[in-house]
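**Q** The structure follows.
The values are calculated or read from the model by the stated rules, or taken from the named source; none is laboratory data. Predicted model only: the values in this text are computed from it and were never measured. Here Cβ is always computed from backbone atoms with ideal geometry, including for glycine, and neighbour counts include all displayed protein chains. The protein model used for the area step is the full one, side chains on, heavy atoms only, and it has no ligands, DNA or RNA in it. Shrake-Rupley method; radii C 1.70, N 1.55, O 1.52, S 1.80 Å.
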Amino acid sequence: MAVEGLAKALFAAFIFFACFAFSETSPYDAVAIPTILLWLCLGVRLHRGAVPLVALLLLYLAAIVSALLPYLNEEFPVTWTVQLIYLAITCIFFAMFFADDTHARMELALKAYTASCVFSAVLGIVGYLQWLGIEDLFYKYDRASGTFQDPNVFGSFLTLGALYLMHGLLTGSTRRPLVSLVGLLIIVAGIFLSFSRGSWGGSVVAVLLMVGSVYAGSTAPRLRRRIVLLTLATVVLGTVAVIGLLSVDHVHKMFETRAALTQDYDQGETGRFGNQIRGFAMLLERPFGMGPMHWRLIFGLEPHNSYIGSFANGGWLGGTVFIGLVVITGIVGFRLLARPSPVRAHAQIVWPALLMFFLQAVQIDIEKWRHVYMMLGMVWALEAARLRAGAPQAGALETRR
């Protein structure tokens, strides 16, 4: 029991440290190896429902390593590939870990993750409003960045925490609704002050999907009325908070700048979109791609599109497998939402958040985002747990207790 208690504490720390992304290395990475090894010793296993994920990840890594072979003498592509292999390993671990004792382990992870979101959002807000003398640490490019290098990653990271708190409020499963509401408003403020257009749009899509799934999965009129009323109340409170922030002059100016559909760096032949057009034409003639991280050597910056990046880094095979992984995971995710099962409540939280990242991958590079691999593993673990449990009788809304 003592060993299992230590393992749970170590796992909670592992998840919480996901918010520390000031550099390429993080406390998350330092805790990952002992956490994974300890739980493997305690007996996590791979269930058949998660086997397709493992097969797709291994095939994708094989494509990346094959494309790397001509560049083994270059340090950066090799380092990037090793890091990608490590992230894939964490993804497989999550798919194994959450497939057993699913409810308790998902709750532990989501609570730790949400605490991480609130912590990072508070620092991002403090840094943006310049309340301390170390603002540069939590504030970059005139945008809140919290404990991240990039405000875009910061804003998107917070969405899963927001969904978890909102789901608890909607279904009445949270034990401390006032605390959940305060935490939700802090996270929403952090997302807004990141001034990340992808985070804004993706969060809206994720919330709409989550709320729609909860509403559709409920047959009780009273619960449906609660969902509608609380959703409207959350929208009103969020709007009031945003209006309050917009009353600050520099916040208003940054909002006007970031609300534009395109930025200066998007336009022109050497801008983001110009590079993508030229690069796509080059990739049609290169079955093995450009090699890991060689896009930036040719164009001077990243592709800012994970789908194009997968073809550049892993060739036609890598790009095809990456798209296949997204499509198949999408089928699994929407099936988890549509079919009543003991894991649907958690799927209503995790899948909309992961879908947001798949959509954002069109305009940003997500291959190295640690939390994306966690959510990917979670979705496939929920599918494995659903298959093992079988389909229960329909008609009841599964809520977290």
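**Q** If I compute solvent accessible area with a 1.4 Å probe over the protein chains, what percent of it on the chain is carbon and sulfur?
**A** Working: 12090 of 17600 Å².
Heavy-atom surface of the chain belonging to carbon and sulfur, 1.4 Å probe: 69 percent.
**Q** Full-extension gain between Val204 and Ala30, please, as 0.36 nm times their residue separation minus the C-alpha to C-alpha distance.
**A** 59.3 nm
**Q** Just to confirm, what accessible area per residue do you get for segment 101-260 at 1.4 Å probe, in whole Å²? All intermediate terms of the calculation are to be shown ahead of the outcome.
**A** Numbers: 7100 Å² over 160 residues.
For segment 101-260, the solvent-accessible area averages 44 Å² per residue.
**Q** Moving to a separate point now. Could you work out the relative contact order of the chain? I mean the mean sequence separation of Cα pairs under 8 Å and 6+ apart, divided by the number of residues, in percent. If you can, show how the numbers build up before the last one.
**A** Numbers: 581 pairs, mean separation 89.6, N = 401.
Once divided by the residue count of the chain, the mean separation gives 22 percent.
**Q** If you take the square roots of the eigenvalues of the alpha-carbon gyration tensor of segment 60-144 and sort them as a ≥ b ≥ c, do you get rounded (a/c under 1.5), prolate (a/b over b/c) or oblate? Each step should come with its number before you reach the end.
**A** On the way: a/c = 4.77, a/b = 1.28, b/c = 3.73.
Here segment 60-144 falls in the oblate category.
**Q** So which lysines pass the test for Lys140, namely a Cα distance under 21 Å, with those fewer than 8 places away in the same chain ruled out?
**A** Correct list for Lys140: Lys253, Lys368.
**Q** Using only alpha carbon pairs under 8 Å that are at least six residues apart, calculate the relative contact order of segment 101-260 and give it in whole percent.
**A** On the way: 182 pairs, mean separation 33.6, N = 160.
The value is 21 percent.
**Q** So between Ile323 and Arg339, what do we pick up on full extension, going 0.36 nm a residue minus the alpha carbon distance? Walk me through the numbers before you get to the answer.
**A** On the way: separation 16, 0.36 × 16 = 5.76 nm, distance 2.44 nm.
Computed gain between Ile323 and Arg339 is 3.3 nm.
**Q** If you don't mind, there's one more thing I want to ask. In debye, nearest 20: dipole of the chain around its Cα centre with unit charges on the Cβ of K, R (+) and D, E (-)? Could you put the intermediate results ahead of the total?
**A** Numbers: 29 positive and 23 negative charges, 362 e Å.
So the dipole magnitude of the chain works out to roughly 1740 debye.
**Q** I've got another one for you. What helices in the chain pass both tests, a Cα length along the helix axis of 27 Å or more and a mean Kyte hydropathy of 0.0 or higher, using whole DSSP H runs? Each step should come with its number before you reach the end.
**A** Numbers: long enough: 75-97 (33 Å, 1.56); 102-129 (40 Å, 0.96); 151-171 (31 Å, 1.11); 197-217 (30 Å, 1.10); 221-246 (37 Å, 1.45); 306-338 (35 Å, 1.38); 370-389 (29 Å, 0.50).
Span-like helices in the chain: 75-97, 102-129, 151-171, 197-217, 221-246, 306-338, 370-389.
**Q** Grab the Cα-Cα distance for Ala115 and Ala389, subtract it from 0.36 nm times how many residues apart they are, and report the gain in nm with one decimal.
**A** Values: separation 274, 0.36 × 274 = 98.64 nm, distance 2.98 nm.
Taking Ala115 through Ala389 to full extension adds about 95.7 nm, to one decimal.
**Q** Return the FRET efficiency for the residue pair Met1, Val236: r is the Cβ-Cβ distance, R0 is 51 Å, and the value is rounded to the nearest 0.05.
**A** Working: r = 47 Å, r/R0 = 0.92.
Approximately 0.65, to the nearest 0.05.
**Q** Something else now. Give me Rg over Rh for the chain, both radii from the alpha carbons and Rh done the Kirkwood way, two decimal places. Write down the numbers at each step before the final one.
**A** Values: Rg = 21.1 Å, Rh = 21.9 Å.
Here the Rg-to-Rh quotient is 0.96.
**Q** Does segment 92-244 classify as rounded, prolate or oblate by the C-alpha gyration tensor (a ≥ b ≥ c root eigenvalues; a/c under 1.5 gives rounded; else a/b over b/c gives prolate, otherwise oblate)? Provide the component values of the computation, followed by the final result.
**A** Numbers: a/c = 2.06, a/b = 1.39, b/c = 1.48.
Taking the square roots of the gyration eigenvalues as a ≥ b ≥ c, segment 92-244 is oblate.
**Q** Hey, in the GNM for the chain with a 10 angstrom Cα cutoff, which one of Ala312, Ala233, Ala18 fluctuates hardest?
**A** Judging by the Gaussian network model, the answer is Ala233.
**Q** Related question: Taking the chain as a Gaussian network, Cα atoms linked when under 10 Å apart, which of Gly212, Gly291, Gly202 shows the biggest mean-square fluctuation?
**A** Gly212
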